[in-house]
Amino acid sequence: MKIVIDANITVSLFVPLPYSGAAENMIRLWRKQGAELYAPGLWQVEIVSVVRKMVSLGQMNADGARFAIANLDSLQVEIVHPDRDLLEQSYLWAERIGQRVAYDAQYLALAESIQADFWSADQRLISALQARQIPWAHSLLTD
């Protein structure tokens, strides 16, 4: 089983969020099932950006931020850097779901290209995908 994991799920493993427990449970389940985790190249940058923002807002301390960044490798997520085809597909996905930017679409293009399930805690994104009957899009909050 292949899973493309959204950065928001990863961040919740290091920062207490309302869905942190659900994220921890899913990671455990995926590991038990032998799932392979994937993310697009921007995954790490998104995580570092969110962690930095949380530190600047006083919602996380610098030690916690360094711990989160240092432990990303322990999640054993395979990073897939985009080639031209993946970039084109992410552009099309952003257009399909009506997004002005293509960050989320990178995850979708990757999931589609490797025939993986996509998991996110972004309910708005998942709702947009479910409205288009994308069966491989799953919400951490409802599945």
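The values are calculated or read from the model by the stated rules, or taken from the named source; none is laboratory data. Computed from a predicted model, the values in this text were never measured in an experiment. All Cβ positions, glycine included, derive from the backbone under ideal geometry; neighbour counts span all protein chains shown.
Return the residues of the range 20-66 that are closer than 25 Å to Q106 by Cβ, among the polar types (S, T, N, Q) and either loosely packed, with under 12 Cβ neighbours inside 10 Å or touching a Phe, Trp or Tyr at 6+ places or on another chain (Cβ under 6 Å) (or both); say none if nothing qualifies. Residues satisfying the conditions are Q33, S56.
Looking at the range 22-62 only, could you name the residues that are without any contact (Cβ under 8 Å) to a residue 24 or more places away in the chain and in a loop (DSSP other than H, G, I, E, B)? Show your work before the answer.
Step one: list which residues in the range 22-62 are without any contact (Cβ under 8 Å) to a residue 24 or more places away in the chain, which gives 24-25, 28-29, 31-32, 45, 48-49, 52-53, 55-58, 61-62.
Residues satisfying the conditions are L57, G58, N61.
Kindly indicate whether L13 is surrounded by 13 or more Cβ atoms within 10 Å (Cβ to Cβ), under 13 Å from the mean Cα position of the chain (by Cα) and in a helix (DSSP H, G or I). Judged against the criteria, L13 is a match.
Kindly indicate whether I69 is at pLDDT 95 or above, under 17 Å from the mean Cα position of the chain (by Cα) and surrounded by fewer than 18 Cβ atoms within 10 Å (Cβ to Cβ). Please lay out each step first, then the result.
On the way: at pLDDT 95 or above: no; under 17 Å from the mean Cα position of the chain (by Cα): yes; surrounded by fewer than 18 Cβ atoms within 10 Å (Cβ to Cβ): yes.
No, not satisfied.
Scanning the range 68-84 turns up no residue that is closer than 19 Å to L129 by Cα and either of a type in the set (S, T, N, Q) or in a loop (DSSP other than H, G, I, E, B) (or both).
For the range 93-132, taking the residues that are within 24 Å of P18 (Cα to Cα) and among the aromatic types (F, W, Y), the one that is surrounded by the most Cβ atoms within 10 Å (Cβ to Cβ) is identified as Y107.
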